[in-house]
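A.B. asks: Quick one: this structure, given as structure tokens, is what I'll be asking you about.
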Amino acid sequence: MKRYCCILSLSCLAVFSGKAQVCQTQGEMIRAVSVNTAGYPEITWDASASYYPDVVGYIIYDYLGGAACSNYIGEVSLGIGTFTHTAATVPLTGPRTYTMAIKTLMTPMPLTRQHAFPFLQATYDSCTYAITLQWTPYEGWDGTTTYNIYGSVQGTPPMIWTTGHTATSYTINNVPDNVFYEAYIVAIHPTDATITGTSNRVTVDTKTSQRPLSMEISSIEYADNTVTLQFAIDPTTHLSTFHLNRSSSPTDGYTAIHTFSDKTLTSYTDAPVDTRYYYRLTAENYCRIEAAQGSFLQNIPMTMEAREGAWLLTWYPGNAFSLINYIFLNPPYTLKRLQPQPATLLSQVLDTTYRDAIDLSNPALLYCYRVEGKVWSGVSATEICQTYRPQMNMPDAIDPKSLLTNPATGRQRNQFGPIVYANPASYRYRLEIYTRNGDLIASIEKNESDSPLDKSWTGMNRHGVPVQEGVYLYNVQVTYADGQTDIRTGSVTVIYE
């Protein structure tokens, strides 16, 4: 084997041909070194060096593994500008550096500048699910070389992943399991984009612990400040650590409230819960790094209160990441909630409040409402039940001389007594009026059959004499038909306008 040891010339070689002096910088002969699709290095050079008077061809040498001397690897005839190094091992085990000389009839010419293709390597981190490409810089060009990165997935045609890259590394994040990647790097000459050098091709097969293909919360039932979640995890996953997380934000701030290893587990109860939360499942790999996460699902807290003979329901609205379709249901449950009748669809609107009239003639009836929100692949439902207890209000002032009527209560302004939103025959009360010194000046009782308008205090004392202006104290006890009582104490102001 021929060796051309330790000879390198970057100077201008002067050669006389007739009367003309031709000068060439030897380092400009090689244009690029690439690796072809078969894995063999391929050298390309300027084949116009025939101006040497006795040139007959080209001699190619290589340096492998940092050797001090070059190895003769072949010759080609004059006018040919490429050489494929088929003797190179496949796949390549390291970078190779090439140089060449012009072969003449006299003595060998000095070696050209060394050129080396970008030798590419790839590593896959199964903990972070990232592929890192690293390569040696292209050698032989002056100036800043840029790199285009090409890749393909599962045998698809290669496509450009990035262009104009100046660093010698590139990372692909969030790589899925069991995917076959192929990549290579193309070096671009600093001043002539038509001159390129291609790296070897690398392949990565991400055969690691199988992450779950699906990990979804299918439903949330929210009742009595308790959230019951139903979920499913892909049974083929090899991972064995899972977290159920919750947050007050759909996008961040999640903290684990339950950790488990049994992927056949299908439910969890979170209590007490008095606000809106977003729930999400995550899986942890063997490096204790989050490997996968499912979509979130939220509970829908709802309040229910009686106002002026009607139920008012209020709940949290949806958010920008979900399309919620609210459905209101009112099953007429019995008090013991045994064998409920089929639910009745009351409304289906994109709103966050609902009013429903109360049957004031049947105060023992248990009212139940259900709101369902369809969020992506899951359903979030809230159920709330309550027995109507009539709401009682007390006026804060009366004018004994006025004959005007308060349209909100139906009472005249010279009448003072409890305002109860219930059937007039379904409750009774006892009303007592005192001076600020504690002297009883009036006592009024209403039976179930009495009208509250007939059983009011009109500003008279026990002797039928109008009281003076000022503040008086009251004590009232209302008894409803189901035996429940409501006791109020407070003050009322007597004014004469």
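A.B. asks: Quick one: would you say Ile149 is within 30 Å of Asn285 (Cα to Cα), of a type in the set (Val, Ile, Thr), modelled with pLDDT of 95 or more and not in a loop (DSSP other than H, G, I, E, B)? Walk me through it before giving the result.
C.D. replies: Values: within 30 Å of Asn285 (Cα to Cα): yes; of a type in the set (Val, Ile, Thr): yes; modelled with pLDDT of 95 or more: yes; not in a loop (DSSP other than H, G, I, E, B): yes.
The answer is yes for Ile149.
A.B. asks: Need pairs with beta-carbon distance below 7 Å; first residue farther than 19 Å from Tyr434 by Cα and within segment 482-497, second surrounded by 11 or more Cβ atoms within 10 Å (Cβ to Cβ) and of a type in the set (Ser, Thr, Tyr); sequence gap 6+ or separate chains.
C.D. replies: Thr485/Thr479; Glu497/Ser402
A.B. asks: Any chance segment 446-464 includes a residue that's under 30 Å from Leu365 (Cα atoms) and either not assigned by TED's automatic domain parsing to the domain that holds Pro400 or not in a loop (DSSP other than H, G, I, E, B) (or both)?
C.D. replies: Taking every residue of segment 446-464 in turn, at least one turns out to be under 30 Å from Leu365 (Cα atoms) and either not assigned by TED's automatic domain parsing to the domain that holds Pro400 or not in a loop (DSSP other than H, G, I, E, B) (or both).
A.B. asks: Sticking with this one: In segment 147-162, which residue that is touching a Ser or Thr at 6+ places or on another chain (Cβ under 9 Å) and more than 15 Å from Leu133 (Cα to Cα) is surrounded by the most Cβ atoms within 10 Å (Cβ to Cβ)?
C.D. replies: Pro158
A.B. asks: Give me the strands (runs of 3 or more DSSP E) completely within segment 174-227, filtered to those with at least 3 residues that are exposed (fewer than 13 other Cβ atoms within 10 Å of the Cβ), ordered by residue number.
C.D. replies: On the way: elements: 180-188, 196-198, 202-205, 215-223.
So the answer is none; nothing clears 3.
A.B. asks: Kindly provide the set of residues from segment 129-146 that are surrounded by fewer than 16 Cβ atoms within 10 Å (Cβ to Cβ) and within 30 Å of the chain's Cα centre (by Cα), ordered by number.
C.D. replies: The one that is surrounded by fewer than 16 Cβ atoms within 10 Å (Cβ to Cβ) and within 30 Å of the chain's Cα centre (by Cα): Ala130.
A.B. asks: Across segment 279-316, what is the number of residues that are in a loop (DSSP other than H, G, I, E, B) and in contact with a strand residue (DSSP E or B) (Cβ under 6 Å, 6 or more places away or on another chain)?
C.D. replies: Of the residues in segment 279-316, 5 are in a loop (DSSP other than H, G, I, E, B) and in contact with a strand residue (DSSP E or B) (Cβ under 6 Å, 6 or more places away or on another chain).
A.B. asks: Here is a further query. Would you be able to tell me the number of residues in segment 440-452 that are more than 17 Å from Gly490 (Cβ to Cβ) and exposed (fewer than 14 other Cβ atoms within 10 Å of the Cβ)?
C.D. replies: Within segment 440-452, residues that are more than 17 Å from Gly490 (Cβ to Cβ) and exposed (fewer than 14 other Cβ atoms within 10 Å of the Cβ) number 5.
A.B. asks: Could I ask something else about it? If you scan segment 20-48, which residues turn out to be modelled with pLDDT of 50 or more and under 12 Å from His115 (Cβ atoms)?
C.D. replies: Our first condition is that a residue be modelled with pLDDT of 50 or more; within segment 20-48, this holds for 28-48.
Within segment 20-48, Glu28, Met29, Ile30, Arg31, Ala32, Val33, Ser34, Pro41, Glu42, Ile43, Thr44, Trp45 meet the criteria.
A.B. asks: Right, next: Looking only at segment 161-187, which residues are in contact with a Phe, Trp or Tyr (Cβ under 7 Å, 6 or more places away or on another chain) and under 14 Å from Pro118 (Cα atoms)?
C.D. replies: Across segment 161-187, the qualifying residues are His165, Thr168, Ala183, Tyr184, Ile185, Val186, Ala187.
A.B. asks: Here's something else I'd like to know. Looking only at residues in segment 75-114 that are of a type in the set (Gly, Ala, Ser) and at pLDDT 85 or above, which one is farthest from the chain's Cα centre (by Cα)?
C.D. replies: Top of the filtered list is Ser77.
A.B. asks: Hey, any hits in segment 296-309 for a residue that's loosely packed, with under 12 Cβ neighbours inside 10 Å, more than 24 Å from Ala481 (Cα to Cα) and at pLDDT below 85? Before the answer, list the steps.
C.D. replies: Of the residues in segment 296-309, the ones loosely packed, with under 12 Cβ neighbours inside 10 Å are 303, 305, 307.
If we keep only those that are more than 24 Å from Ala481 (Cα to Cα) as well, we get 303.
Keeping just the survivors that are at pLDDT below 85 gives none.
Checked segment 296-309: no residue is loosely packed, with under 12 Cβ neighbours inside 10 Å, more than 24 Å from Ala481 (Cα to Cα) and at pLDDT below 85.
A.B. asks: While we're on this one: If you go through segment 269-295, how many residues are surrounded by 15 or more Cβ atoms within 10 Å (Cβ to Cβ), farther than 23 Å from Gln386 by Cα and in contact (Cβ under 8 Å) with a residue 40 or more places away in the chain?
C.D. replies: So the answer is 13.
A.B. asks: So which residues in segment 424-439 are exposed (fewer than 15 other Cβ atoms within 10 Å of the Cβ) and acidic (Asp, Glu)?
C.D. replies: Across segment 424-439, the qualifying residue is only Asp439.
A.B. asks: Restricting attention to segment 268-295, report how many residues are closer than 20 Å to Thr251 by Cα and of a type in the set (Ser, Thr, Tyr).
C.D. replies: Going through segment 268-295 one residue at a time, the tally reaches 6.
The values are calculated or read from the model by the stated rules, or taken from the named source; none is laboratory data. These figures come from a predicted structure and were not determined experimentally. No Cβ is skipped: glycine too gets one built from the backbone with ideal geometry, and neighbour counts run over all protein chains shown.
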